[in-house]
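*Asks:* I'd like to ask you about the structure that follows.
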Amino acid sequence: MIDVRRHVNLWLLALVPVLALVMLGALEVGASGIGIGSLLHGSEDAGRSLSWMVMTHIRAPRVVLSAMAGAALGTAGAIMQGLFRNPLADPGLIGVSSGAALAAACVIVLGVDMAQPGLLNSWAVPIAGMAGSFLVTILLYVFATRAGITSVTTVLLAGVAFGAFSGALTGILIFRANDTALRDLTFWTLGSFSGANWERIGLLTPFLLVSGIIATRIAAPLNAMLLGEADAALMGYPVERTKRLAMLAVAASVGPVVAFVGAIGFIGVVVPHLVRLVTGPDHRFVLPGSALLGAILLTAADTVSRVIAAPAELPVGIVTAALGTPVFVWLLSHIHGADIPS
């Protein structure tokens, strides 16, 4: 057991330099041809100033935001799969992503103007997306809770229903959208980090910190809940509190991420599976491993989206779906859902 734990810890530690290398690689490549070398060895002040602006104001925030989003989606996927004891669960299962998408569509299509003096105009869609995600989470919790007990099955079914209803309303908005709004909404739903900046990262950071702290506190209870809620309660774990904290962690991470960068699929489904192949089902290792691997994969996917069709930019959601689908099919054919007890 000690050797297995040492192996897992070494694997998790190895992901840290891999993430650093992927982020440095993402900083190095881009359509402008400017890299870290031109920043360090630029011969002209004007050229060095341009390189500094590209690296610090365009590329660096994008790399940081993609890593943060990948970590959030990977961790949220691991929490959802542990909570529902379902290997197909993902952060969008309880309607968080759909609620954010609906609220953002309202802003984009209906032209809700939050821009009186300047600053709030670029924040209208993210703020609406966060509000929509948290509203759906609150409604879902109230709907699924009776006499102080939250039914995981009801959360699952109601989340699917809320997601379908939100999708229907979003479809109505798409139907009445003009060409400009339709194009904006389409690109937003495919996911993109093109709007990354340090202000958005600053606003997103507290949400992800809260979600990460909650994830560390519920790792052991999630392990016990894999055996069943009754067994976990007999072992002394606060089952209902764990459910609430798990839903809060998912909403606090996925909602703001979707609001800022759009819907990005497959990270929350595939990453926890890949991590469990190495760590096993122990959430004390699955959760940090999913955060690190999610950050690595989404940063790499965003780098591919920037360079594969340069100078144009491919939506990152297309890249994650194209790469995630064959991996997911391979997992289904080899694992058969046996890594999580049902």
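We did not get these values from a lab; they are worked out from the coordinates using the rules stated. Note that the coordinates shown come from a computational prediction; the quantities given were computed from them, not determined experimentally. Please note: Cβ atoms are built from the backbone with ideal geometry, for glycine as well, and neighbour counts cover all protein chains shown.
*Asks:* State to the nearest 20 debye the size of the charge dipole of the stretch 198-342 about its Cα centre, where the only charges are +1 on K and R beta carbons and -1 on D and E beta carbons.
*Replies:* 180
*Asks:* Order 279-286, 68-75, 50-57 from most to least packed using the mean count of other Cβ atoms within 10 Å.
*Replies:* The packing order, highest mean first, is 68-75, 279-286, 50-57.
*Asks:* Got a sec? Charge dipole of the chain, +1 on Cβ for Lys and Arg, -1 for Asp and Glu; which of Ala177, His283, Leu27 is way out at the positive end?
*Replies:* His283
*Asks:* In a shell of Cβ-Cβ distance under 12 Å around Met68, excluding Met68 itself, what net charge do Lys and Arg (+1) and Asp and Glu (-1) give? Let's see the in-between values first.
*Replies:* Numbers: positive: Arg62, Arg200; negative: Asp302.
Neighbour charge sum, excluding Met68 itself: +1.
*Asks:* Further, regarding this structure: Mean Kyte-Doolittle hydropathy of 0.0 or higher plus an axial Cα length of 18 Å or more: which whole DSSP H helices in the chain meet both?
*Replies:* 2-28, 60-84, 96-110, 124-144, 152-176, 198-225, 239-261, 283-307, 316-335
*Asks:* Over the Cα atoms of the chain, how large are the radius of gyration and the largest Cα-Cα distance (Dmax), in Å?
*Replies:* Every Cα atom of the chain included, Rg and Dmax give 20.6, 71 Å.
*Asks:* Highest mean first, how do 158-167, 80-89 rank when packing is the count of other Cβ atoms within 10 Å averaged over residues?
*Replies:* Order by mean packing, descending: 80-89, 158-167.
*Asks:* Work out the length of the dipole vector of the chain about its Cα centre, built from +1 on the beta-carbon of each Lys and Arg and -1 on the beta-carbon of each Asp and Glu, and round it to the nearest 20 debye.
*Replies:* For this selection, approximately 520 debye.
*Asks:* Based on DSSP H runs of at least 4 residues, each adding -39500 (n - 2.57), what is the mean residue ellipticity at 222 nm of the chain after dividing by all its residues, to the nearest 500 deg cm²/dmol?
*Replies:* One gets -25500 deg cm²/dmol as the mean residue ellipticity at 222 nm.
*Asks:* Going by average Cβ density within 10 Å per residue, which order do the peptides 16-27, 247-258 take, highest to lowest?
*Replies:* Peptide ranking by packing, descending: 247-258, 16-27.
*Asks:* Would you work out the relative contact order for the chain, in percent, from Cα pairs under 8 angstrom that are 6 or more residues apart?
*Replies:* Computed over the chain, the figure is 30 percent.
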